[in-house]
Every structure is written in structure tokens, then in C-alpha cells.
Amino acid sequence: MSAAFKSELISMLPSLRAFARSLSRNPAQADDLVQDTLVKALTNIERFEPGTNLRAWLFTILRNHYYSHLRKAKREVEDVEGRMAARLATRPAQNGAIDLEDFKLAFAQLAPDHREVLTLVGASGCSYEEAAEICGCAVGTIKSRVNRGRKKLADLLGVDGEDQGALSGVLYAHDTASP
């Protein structure tokens with residue numbers, strides 16, 4: 001590397017910093033961008049053609065590095081305390097198939113009027129009022145049947161208070177009126 005090249009590279013630093021700050025709007029990130037630009041430029045010095053525009057070459061490296069960093073940052077999630085990672089845990093898939101079979105068996109054991117209202121309110125997304133109209137009875141009767149059906153289903157499945165959240169996600173998902 002020639003002394004003239006080093007001198008020209010050093011003379012570009014203020015312009016590189018200004019450009020980096022205009023892109024990132026963060027002085028610390030701008031300094032990192034300039035440093036990364038210089039490292040990339042010096043690592044790839046053989047790609048620079050003497051006699052061409054060094055300023056344009058360095059600005060292109062800085063700009064490309066900045067936008068690459070932005071694209072990468074969009075895909076990353078900062079999770080310092082691990083809260084996000086803790087929520088990403090999933091149950092094994094084979095348990096889901098077994099749970100579904102257990103649910104089908106328990107659901108079949110319910111009284112017909114309980115199956116009917118749980119299907120209308122829980123699975124079909126009908127409001128209590130719509131279910132009452134379909135069944136030809138009062139809204140209070142529908143609410144009572146839904147409540148008793150849910151409790152019976154929970155008993156048949158052996159779901160305790162802690163596990164009822166998962167069951168309620170299926171059966172309560174489409175309630176549009178408060179019980």
C-alpha cells in the first residue's frame with residue numbers, strides 16, 4: 001500500500017463519518033460503520049483500481065454495509081432477558097394428536113344440548129344471542145348450557161384450573177357476549 005493511498009484514505013475519514021452519521025443518525029453506530037468500511041476496504045484493497053475514484057469506492061462500501069446491517073437487524077429480535085425465547089417453547093406434535101383424540105371422545109360423551117351449544121358458540125363463532133335464536137330458547141339458557149358443557153368437558157378430560165386455559169382457548173375463542 002503506497003503512502004499516497006494511505007494519505008488519501010485518511011483524508012476521506014471526515015467525509016465517511018459525515019455520510020455514516022447521515023445514514024445512521026447515531027454517532028456510535030456511524031463510527032462503527034466507518035471502521036467496518038475501512039476494514040473491508042483494506043481487506044479488499046486488490047479490488048480497488050488505482051486511478052479510479054477512491055471516495056466513491058469507500059462510500060459504496062459504507063452504504064452497502066449499512067443497508068446489509070439494516071436488513072439483518074430487521075430479522076433479529078433483541079431478547080436480553082430471554083422472555084421472547086421462553087414464550088417460543090412448543091409441545092411435541094405427537095401430544096397434539098393424542099389430545100385431539102381425547103377431546104373427541106370426551107366431546108362425544110356430552111349431552112346433545114351441551115354438544116350443540118359448544119359447537120355453535122365455541123367452534124362456529126356464534127354469539128350467545130345467535131345460538132339462542134338457532135336453538136329456539138332464551139340467551140340465559142344458552143349461557144347455562146355452555147357453562148355446564150364446558151365444566152363437564154373439563155371434568156371428562158381431567159383438566160384442572162391451571163390447564164383450563166388451553167381448553168378455554170378452544171371453547172371460549174369465539175364468545176362475543178359476556179357469560
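Summary of computed values
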{"read-out": "Check on Ala73, surrounded by fewer than 16 Cβ atoms within 10 Å (Cβ to Cβ), touching a helix residue (DSSP H, G or I) at 6+ places or on another chain (Cβ under 8 Å), at negative phi and of a type in the set (A, V, I, L, M, F, W, C)", "value": "no"}
{"read-out": "Residue check, Ser11 assigned by TED's automatic domain parsing to the domain that holds Val159 and either surrounded by 10 or more Cβ atoms within 10 Å (Cβ to Cβ) or free of Cβ contacts under 8 Å to residues at least 12 places away in the same chain (or both)", "value": "no"}
{"read-out": "Test: residue in the stretch 28-46 that is among the β-branched types (Val, Ile, Thr), loosely packed, with under 10 Cβ neighbours inside 10 Å and either within 30 Å of Met12 (Cα to Cα) or touching a Leu at 6+ places or on another chain (Cβ under 7 Å) (or both)", "value": "yes"}
{"read-out": "Ile10 vs. criteria farther than 13 Å from His69 by Cβ, modelled with pLDDT under 90 and out of contact with any Ser or Thr (no Cβ under 8 Å at 6 or more places or on another chain)", "value": "no"}
{"read-out": "Some residue of the stretch 166-173 being closer than 30 Å to Val39 by Cα, at pLDDT below 90, within 27 Å of the chain's Cα centre (by Cα) and in a helix (DSSP H, G or I)", "value": "no"}
{"read-out": "Qualifying residue in the stretch 78-90 (condition: in contact with a Phe, Trp or Tyr (Cβ under 8 Å, 6 or more places away or on another chain) and not small (Gly, Ala, Ser))", "value": "no"}
{"read-out": "Test result for Leu70, farther than 21 Å from Glu8 by Cα, in the same structural domain as Glu8 (by TED's automatic domain parsing) and at pLDDT below 90", "value": "yes"}
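The values are calculated or read from the model by the stated rules, or taken from the named source; none is laboratory data. Only a predicted model underlies this, so the values are computations on that prediction, with no experimental measurement involved. A quick note on method: Cβ atoms are made from the backbone with ideal geometry, for glycine too, and the neighbour counts reach across all protein chains shown.
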